[in-house]
Amino acid sequence: MERRGLVNMVMLFDDEETVALPEGVHLEHMSVMTVRARGSKASWKVLAGDQIIGRLDRWITGRGLRFYAATAYHPTTGTPIRLEASSDMSERIELILRAWYDPESYTPHSPW
């Protein structure tokens with residue numbers, strides 16, 4: 001797998017940090033949902049060129065901590081590959097990209 005440079009800097013919301021994206025990768029905002037018990041949730045499609053390679057879901061805990069759940073899509077079957085969650089959004093985007101390039105090396109994680 002070739003390593004791509006970080007060239008795009010994207011501001012997701014006015015209240016968030018700027019996120020660095022790998023070359024050729026961009027996000028398409030899907031939705032923002034407010035869930036009373038768990039704070040707000042936002043979702044993005046992760047695209048390489050014009051192909052959807054994954055999905056990123058953000059939720060904010062009652063304490064204001066942000067977590068990102070990553071899902072990559074198998075490049076030939078389109079089957080979702082759930083990946084572990086993290087508080088580092090850029091890292092989750094890189095993980096989606098790696099899983100999309102080499103899906104056989106990732107074991108799907110349970111959503112719980």
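Quick note: the coordinates plus some simple rules give every number you see, no bench work behind them. Predicted, not measured: the structure shown is a model, and the values here were computed from it. For neighbour counting, all protein chains shown are included, and Cβ atoms are generated from backbone atoms with ideal geometry for every residue, glycine included.
For the peptides 100-106, 87-93, the ranking by mean Cβ contacts within 10 Å, running from highest to lowest, is 87-93, 100-106.
Taking 7 Å along the Cα-to-C-beta vector as the label spot, tell me the LYS41-THR76 distance in nanometres, rounded to one decimal. Rounded to a tenth, the inter-label distance reads 3.2 nm.
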